[in-house]
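Computed from the coordinates by the stated procedures, all read-outs in this text should not be read as laboratory data. Keep in mind the model is a prediction, meaning the values are calculated, not measured. Positions of Cβ are backbone-derived with ideal geometry, glycine not excepted, and every protein chain shown enters the neighbour counts.
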Amino acid sequence: MTESNKPSAAQRRSSSRLLASTAVFLKPYLTQITVASIALIFTSALTLGLVQYVRLIVDKGFVEGSTESLNTAIIGFLVVAILQAFGTFARFYWVSWLGERVTADIRKAVYKHIINLHPSYFEENLSGEIQSRITTDTTLIQSVIGSSASIALRNLLMMIGGVLFLFITNPKLTSVVLICIPLVIGPIMFFGRKVRRLSRDSQDEIANVGAYVGESIQQIKTVQAYNQQQHNDNMFSRYVETAFEVAKDRIFMRSVLITLVMTLVFGALAVMIWVGGQDVISGRMSAGELTAFVAYAVIVATAVGAISQVISELQRAAGAMERLIELLEAESLIQSPEQATRLVGEFRGQLDFEAVSFSYPSRPNTNALDDVTLSLRPGESLALVGPSGAGKSTLLDLVLRFYDPKSGRVTLDGVDIRELTPEALRSHIAIVSQQPALFTGSVIDNIRFGKPEANLEEVRAAAESAFASEFIELLPEGYDSYLGEGGVRLSGGQRQRLAIARAILNDPEILLLDEATSALDAESERKVQLALEKLMAGRTSLVIAHRLSTIVNVDRIAVLEQGRLIATGTHKTLLEDCELYANLAQLQFGEA
């Protein structure tokens, strides 16, 4: 996320809201939480009970010299220890299971949400930073739910139980401990808030590091072609050092917190032992009671110390959860209507733009389209021509409802596409982009992306229609060949033909072609043009065109300039009637 998009402290969520958001993911697993809680209480009670056996061993075995009493106490001690081991197993297993399960649910929920956000959201937020939230932040939450939270609860129970047993053993000495509790809680509350803020900042900086790494690797050829490895290395070092400085402040605050708590706790413990020692010497307390009291005091002190350390981890998790909740609460500008309209009757594929104006969210004062009215009849092919920035790609984005018009409307078979669900609308459309999008995986995986349930024969037929089978069959493993990230192992023309095969397999009623043959050599272009002509037959086709081979085969051509529609017609009529088109034909097509 860019610096300007980072939330202010006033916008950050309260602890109660964070707990409520986390509870939503914990609620389905109340049974497992109950089992883990019972095991937690059971093991804490047994640990406190062990101290009583220590008192009996000291008083009955050592002081009184009773072998029988000592044997009984030792047997009881071993039984409690075995029960403690079984209880610890149950606690550790279910708490760890909860951590992994809840983290998996959070990851799925966040991904499901962001994959449906409007495209402009990803113009304003770095993809690498979003990835960091889904991976790094959720891992931190897993660590807290599966470990730190259990440790905190266990030590809280130990502290409360230890204080109760201290009262039972010696109320006077317990008062020494209680006096120190406010002195300990105060620093925990004060420094805990600072640690949470610094943890949030630290996670943001780590995300920036990940985003920069991802961008550099994606553009590695450009980096190396311009010999900018050293520059990128220097930039990366700056990101890393910034993250380190923020982390250093967080570590300092945690260290101060732990030091203060431990000093206060063990200072109180020293005073308590001195007072108790005086009582033993004067005969007001037995050696076993003092031993038990010291053991409980150590348990309480250790528990408080552990809680002070875990508080820092909980604050880090709170910062991570804040970042994830921001993703979950991000609202998509493209919403399904509450009462969606269904296309009834035979689908025709009539596409109309009615006085459409539009500006991108990042440039609200500049119209990308200005009062465009355009109609595509069922089965008609229409080419969009114009200089860069004329609004050609924007029209395709509006058809797919990646954005909604600022004014006017886009209709499909007479129905405003905003009245349809995005899924219903896009089920009738296939797109082939100028820069084909391939995914990490095999050839067959990428072609099947247009129709996941297609069998191998359907995939082969689509590849043959796109003239892709000839190079696919030469790959080491044919249709099972691994393509690498973004299809990096294929040439531009090969990637384009796979994208066309995907569209053919999808078998859409409406076809969007964003200069689909631009990446092909002359021979491949000829083959793919034949495949496209076959694919476009009988389909409503909207084509962004720069090359004459694409233009001459369409039914009509629309000429755009600075977001306005200035002319429509055939290639021949536009050469005569539209000066801009004639100039484009001269410059781009080499035709007078």
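List of remarks:
- The chain, relative contact order [Cα under 8 Å, separation at least 6], %: 14
- DSSP-defined beta bridges in the stretch 351-589 - what % are antiparallel, rounded to 5: 50
- Relative packing of 414-426, 280-292, 385-397, which averages over residues the other C-beta atoms within 10 Å, highest first: 385-397, 414-426, 280-292
- Fewest-first sequence of Val256, Val559 by Cβ atoms within 10 Å of each Cβ: Val256, Val559
- Within the chain, percent of DSSP bridges classed antiparallel, to nearest 5: 50
- Counting other Cβ atoms within 10 Å as a rough exposure proxy, the listed residues Val300, Val35, Val459 run Val35, Val459, Val300 from fewest neighbours to most.
- Val240, Val24 arranged by Cβ crowding within 10 Å, fewest neighbours leading: Val24, Val240
- Inter-part distance where the stretch 237-264 and the stretch 130-150 are each reduced to a Cα centre, Å: 19
- Our note on the geometry: Cα centres of the stretch 335-372 and the stretch 79-109, 51 Å apart.
- Entry note: the chain has Rg to Rh equal to 1.16, where both radii use alpha-carbon atoms and Rh is the Kirkwood radius.
- Descending semi-axes in Å of the stretch 351-589, equivalent ellipsoid built from Cα gyration tensor: 31, 21, 16
- Pairwise centroid distance, computed over Cα atoms, of the stretch 457-512 with the stretch 407-454, Å: 17
- You can think of it this way: the chain between Lys534 and Asn227 has 106.0 nm of extra reach, that is 0.36 nm per residue less the Cα-Cα gap.
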